[in-house]
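Inspection log for the structure reproduced underneath, given as structure tokens.
Every number in this text was worked out from the coordinates using simple rules, so none of it is lab data. The model shown is predicted, which means the values in this text are computed figures rather than measured ones. We place every Cβ from the backbone using ideal geometry, glycine too, and count neighbours over all the protein chains shown.
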Number of protein chains: 2
Amino acid sequence: MSEKSAIPKKVIYRLSTYYRCLQRLAENGLETVSSGTLAKAAGVNSSQLRKDITYLGQWGTRGLGYPVETLMSALREVLRQEKLQPVILVGAGNLGSALLRYQGFQKEGFEVVAAFDSDIESARKRGLEIPLYSDDELDDFLQKNPVRLAILCVPAEFAQGVTNRLVRAGVQGILNFSPAVLEVPKDIVVNRVDLASELENLSFFIR
Amino acid sequence: MSEKSAIPKKVIYRLSTYYRCLQRLAENGLETVSSGTLAKAAGVNSSQLRKDITYLGQWGTRGLGYPVETLMSALREVLRQEKLQPVILVGAGNLGSALLRYQGFQKEGFEVVAAFDSDIESARKRGLEIPLYSDDELDDFLQKNPVRLAILCVPAEFAQGVTNRLVRAGVQGILNFSPAVLEVPKDIVVNRVDLASELENLSFFIR
DNA sequence: TCGTGTGAAGACGTTCACAGCT
DNA sequence: AGCTGTGAACGTCTTCACACGA
């Protein structure tokens, strides 16, 4: 994990949640909000929320609460939502093309600029609107268009190989949807999302 | 969270990972594996792995390691992978229908038995092969087909309402893809997967 | 000697409780 | 009085280090 910032990963996730809650409050015309109110909306303890927010500096007014707009722009800055971030997606199979059709990333400030697949013909058949390239063109593409974030949806057995190429080409963050555990240099960040594990986990905890 | 079991949530996630790593090892004909080897494959510390495994009982042989097959069946039992689990999906919009096309849940022992959407006509146009119903039929369906797990992909503003109906109809675990924070009775388990937050998080930690 | 199982230590994250500002 | 900011207490998770069995 990068040593640049002292904000823990868990806090960053919560800050995203706070931001979304603030958006709703702002839509309702609210101008200030107390830690208690915002905490309830975000499903956390109010002192945790206060502590999380002090990572951004001191924005609150004692006796009053936090100014909604100011807090939101502080969050946007920390979360790098200020500008559109380009992202590539590797592995346009079932899950990959599913994610491409899903427009949620775009809405949150990310633009998927290209997709790569080893079997470009099958991938084409899925009728996607994003520029689609063969795996072989990955290195070329990244040389011409430096992109720092990649979404990885290839089968587990290819995940490490593709990862190595991504890292060599300068990608610094990988959102890994394959069930594989990736080995990367320690300045590269990997977030794994394992959909099957999430269901498995639920299935364990119900009764 | 259910009090039935003393195994922490984080451990359950790791057990899923160990299981997948063991599958690979078993394919290669390995019969026993040491904590060190398996830990490396799973990307964790070896004493953590040993501690996690003792939640299942004592399966290892000192000086030798763990018997691969035995350990796998112990894991299958704990993770409830023994039998196919029925699941419903609510919200067949962009993300929902994307997940339906993705066959990964099926592969891991879950069967999506039905999908629900408020706008059944638009949803039909997406050409899905799973039985598709209107939201109104949710309660009826669950009365006739008790299902304990639901995947929730509706927009944030409808998430709490749908959740309430799911809970009333007997659903006990919800995999929540909407960015909303859900309020549920404490015997109901919710796992949230927020795709945009995952990218945001990466984007924060790179440099 | 090799590798598990585990108490103890340490790191990390959360909650409490209250001083101090408005 | 209301609410933030924060040290201190508490709890949880991870790692260490070593006794003990094969």
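Please go through the stretch A:30-102 and write out the GluC sites (Glu not before Pro) that DSSP classes as loop and that have at most 13 other C-beta atoms within 10 Å.
Loop-located and lightly packed - A:Glu31, A:Glu82.
For A:Lys40, place a label point 7 Å from Cα along the Cα-to-Cβ direction in every copy; what are the distances to the other copies, in nm, shortest first?
Once sorted, the set of distances for A:Lys40 reads 5.4 nm.
Can you list the lysines whose alpha carbon sits under 20 Å from that of A:Lys51, skipping same-chain ones fewer than 8 residues off?
Cα-Cα hits under 20 Å: A:Lys4, A:Lys9, A:Lys10, A:Lys40.
Quick one: the Cα spread of the stretch B:1-90 along its three principal axes, in angstroms, biggest first?
47, 28, 21
If the cut-off is 20 Å between C-alpha atoms, which aspartates and glutamates fall inside it for A:Lys144, apart from same-chain ones fewer than 8 positions away?
Excluding near neighbours in sequence, the set is A:Glu111, A:Asp117, A:Asp135, A:Asp136.
Placing unit charges on C-beta atoms (Lys and Arg positive, Asp and Glu negative, everything else neutral), compute the dipole magnitude of the stretch B:100-205 about its Cα centre in debye, rounded to 20.
Roughly 260 debye, rounded to the nearest 20.
Over all alpha-carbon pairs in chain A, figure out the percentage whose distance exceeds 20 Å.
So the pairs more than 20 Å apart make up 64 percent of the total in chain A.
For the stretch B:74-123, what are the per-bin percents of Cα-Cα distances with bins 5 Å wide, up to the bin holding the maximum?
Per 5 Å bin, starting at 0, the Cα pair percentages come out as 5, 19, 25, 19, 13, 10, 5, 3, 1, 0.
Quick check: from the Cα gyration tensor, does the stretch B:85-200 come out rounded (a/c under 1.5), prolate or oblate?
Rounded, because the longest to shortest axis ratio a/c is under 1.5.
Label-point separation (nm) for B:Lys83 and A:Thr32, each offset 7 Å from Cα along Cα-to-Cβ?
Distance between the two pseudo-spin positions: 5.8 nm.
Binning at 10 Å from 0, report for the stretch A:130-178 what percent of all alpha-carbon pair distances ends up in each bin.
Spelled out per bin, shortest first, that is 25, 63, 12.
Can you name the chain B residue with its Cβ nearest the rotation axis from B to A, and give the distance in Å as a whole number?
Axis-proximal residue of B, distance in whole Å: B:Ala98, 2.
In nm to one decimal, list the spacings between the B:Pro146 label point and its equivalents in the other copies, with label points set 7 Å along Cα to Cβ, shortest first.
5.9
Express the C-alpha Rg of the stretch A:159-206 as a ratio against the empirical globular expectation 2.2 N^0.38 Å, rounded to two decimals.
1.37
Diagonalise the Cα gyration tensor of the protein assembly as shown and give the resulting equivalent ellipsoid semi-axes, square root of 5 times each eigenvalue, largest first, whole Å.
Gyration-tensor ellipsoid for the protein assembly as shown: 32, 28, 26 Å.
Got the B:Leu64 label distances to the other copies yet, label 7 Å along Cα→Cβ, in nm, shortest first?
7.1
Between A:Lys9 and A:Asn94, what is the label-point separation in nm under the 7 Å Cα-to-beta-carbon projection?
With each label placed 7 Å out from Cα toward Cβ, I get 2.7 nm.
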